[in-house]
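Student: Dropping the structure in here first, questions after.
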Amino acid sequence: MKPAPFAYARAGSLEEAIALLGARSESRLLAGGQSLLATLNMRLSAPRTLIDINGIAGLDRITRNGATIEIGALVRHAQAARSPDIAEFAPLIARAIPHIAHPAIRNRGTIGGSIAFADPAAELPACLLALDGEVAITGASGTRAVKADAFFKGLYETALGPQDILTGIRVPAASAQSRVGFDEFAMRRGDYAMVGLAATARTDGRNLADVRFAFFGVGQTPVRAKKAEAALANGKLDDAVSALATDLDPPDDIQATSKVKRHLAGVLLRRVARQLMEVTA
Ligand SMILES: Cc1cc2nc3c(=O)[nH]c(=O)nc-3n(C[C@H](O)[C@H](O)[C@H](O)COP(=O)(O)OP(=O)(O)OC[C@H]3O[C@@H](n4cnc5c(N)ncnc54)[C@H](O)[C@@H]3O)c2cc1C
């Protein structure tokens, strides 16, 4: 199928993009286009105007400010995968990116597009939640930051308003005490996950603390598993797996039944717990 007709506007600055969003009704931002164009071609959406933000300078940077790593909205997945700063200071994101789609899609798809699109089976929203990161937003009334816990509101629904632009994400820079874990089950490598898990923790070398589990593919948004987190922080792996019965309530979907998803979530938890407890050099 072909998309419904649309107008195209290229924004040269954030101000221009915000003005265009205000002036043109039913407009949509275009970043990497890897999700948006598919929805247009399938006529799942029919915006009147696409506002291309690829020409906005400064949104394609990865910067470290003290204890925080900021990843600009227009950083491509492939660019993040090559970044030594991401490898060292955001290792959870480095582990997750190879699971996102395929090289051609990772060459165009952006970090900002992935977070803004908020697919419940996507890797990066779950990483942002596990890392207790935040989203930087610029809109008509200025800039603001929204924590991941508050950003993902429902199925493909976020805290972004109609004139908002996601300018980047910020995550705490990993330290020697940080531990991360990531794994997922997908039908084929590169497919959206049936079930996945992104996790973070701190360790003193013996015990884990501040465990955060963010499951994806199990609900309308990435889902924290708080009882399981507490159990693992107490050193009780079996209890953590059992706690998923109350932490998660995955719906049946075209990939798997709820029962299968629950089982896979337990398998992932055991695998990821092992990663969190690995001693790193
Ligand atoms: C075959 C295929 C397989 C895929 N598999 C996976 C996968 O396994 N895991 C995964 O996570 N993703 C997957 N994707 C999606 C891919 O990761 C996309 O890159 C990503 O979801 C969207 O990024 P984008 O830059 O292409 O955004 P676009 O497609 O340009 O935009 C997506 C949406 O976000 C909005 N948007 C984009 N940027 C901003 C911004 N800065 N501020 C506000 N709103 C914005 C757009 O208006 C649009 O509504 C797959 C895509 C395809 C085509």
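Student: May I ask you to derive the relative contact order of the stretch 28-119, considering only C-alpha pairs under 8 Å and at least 6 residues apart, and to give it as an integer percent?
Tutor: For the stretch 28-119, the relative contact order is 31 percent.
Student: Summarise the accessible area of the chain (1.4 Å probe, protein heavy atoms) by the percent that is carbon and sulfur.
Tutor: Carbon and sulfur together cover 52 percent of it.
Student: I would also like to ask the following. Would you mind calculating the gained length between residue 249 and residue 44 on full extension (0.36 nm times residue separation, minus the Cα-Cα distance), in nm to one decimal?
Tutor: On the way: separation 205, 0.36 × 205 = 73.80 nm, distance 2.73 nm.
Contour length minus the Cα-Cα distance gives 71.1 nm.
Student: Quick check for me: using +1 on Lys/Arg Cβ and -1 on Asp/Glu Cβ, what's the dipole size of the chain about its Cα centre, in debye to the nearest 20?
Tutor: The dipole of the chain has a size of about 400 debye.
Student: I would also like to ask the following. Using every alpha carbon pair in the stretch 59-162, what percent of pairs falls into each 10 Å bin from 0 up to the bin containing the largest distance?
Tutor: Per 10 Å bin, starting at 0, the Cα pair percentages come out as 15, 51, 30, 4.
Student: Using Cα pairs closer than 8 Å and at least 6 residues apart in sequence, work out the relative contact order for the stretch 109-258, in percent.
Tutor: 21
Student: On to the next question. Cα centroids of the stretch 178-216 and the stretch 69-109: how far apart, whole angstrom?
Tutor: 16
Student: Which distance in nm do the two modelled labels at residue 275 and residue 64 give, with both placed 7 Å along the Cα-to-Cβ direction?
Tutor: Rounded to a tenth, the inter-label distance reads 2.1 nm.
Student: Then there is this: Of 227/259; 236/261; 2/259; 153/226, which ones are farther than 28 Å apart at the Cα?
Tutor: Working: 227/259 19 Å; 236/261 22 Å; 2/259 38 Å; 153/226 18 Å.
Correct reply: 2/259.
Student: Still on this structure, please answer the following. Any idea what angle helix 237-247 forms with the longest principal axis of the chain, computed on alpha-carbon atoms, 0 to 90 degrees, nearest 10?
Tutor: For helix 237-247, the angle is close to 40 degrees.
Student: Would you mind getting the accessible area per residue of the stretch 80-168, heavy atoms of the protein chains only, 1.4 Å probe, in Å²?
Tutor: Accessible surface, normalised per residue, equals 39 Å².
Student: How much net charge surrounds residue 145 when only the other residues with a Cβ under 11 Å from the Cβ of residue 145 are counted, with Lys and Arg +1 and Asp and Glu -1?
Tutor: Details: positive: 144, 147, 170; negative: 70, 134.
Spelling it out: positives minus negatives among the neighbours equals +1.
Student: Here's another thing I want to ask about it. Given +1 on the Cβ of Lys and Arg, -1 on the Cβ of Asp and Glu, and no further charges, what dipole in debye does the stretch 140-281 carry about its Cα centre, rounded to the nearest 20?
Tutor: With Lys and Arg at +1 and Asp and Glu at -1, about 260 debye.
Student: Something else about it: List the GluC sites (Glu not before Pro) within the stretch 92-157 that fall in a DSSP loop (any state other than H, G, I, E or B) and whose Cβ has at most 11 other Cβ atoms within 10 Å.
Tutor: none
Student: Quick check on packing: order 241-251, 16-26, 264-274 by the mean number of other C-beta atoms within 10 Å, highest mean leading.
Tutor: Packing order, densest peptide first, comes out as 264-274, 241-251, 16-26.
Student: Quick check on packing: order 195-208, 74-87 by the mean number of other C-beta atoms within 10 Å, highest mean leading.
Tutor: 195-208, 74-87
Student: Could you give the length gained on full extension between residue 260 and residue 149, defined as 0.36 nm per residue of separation minus the Cα-Cα distance, in nm?
Tutor: Stretched out fully, the residue 260 to residue 149 stretch lengthens by 37.3 nm.
Student: Would you mind getting me the FRET efficiency between residue 8 and residue 206? Use the beta-carbon distance for r and R0 = 45 Å, nearest 0.05.
Tutor: Computed FRET efficiency for residue 8 and residue 206: 0.20.
The values are calculated or read from the model by the stated rules, or taken from the named source; none is laboratory data. These figures come from a predicted structure and were not determined experimentally. All Cβ positions, even for glycine, are placed from backbone atoms using ideal geometry, and neighbour counts span all protein chains on display. Ligands, DNA and RNA are stripped out before the accessible areas are found, and what is left, the full protein with its side chains, is counted by its heavy atoms. Shrake-Rupley method; radii C 1.70, N 1.55, O 1.52, S 1.80 Å.
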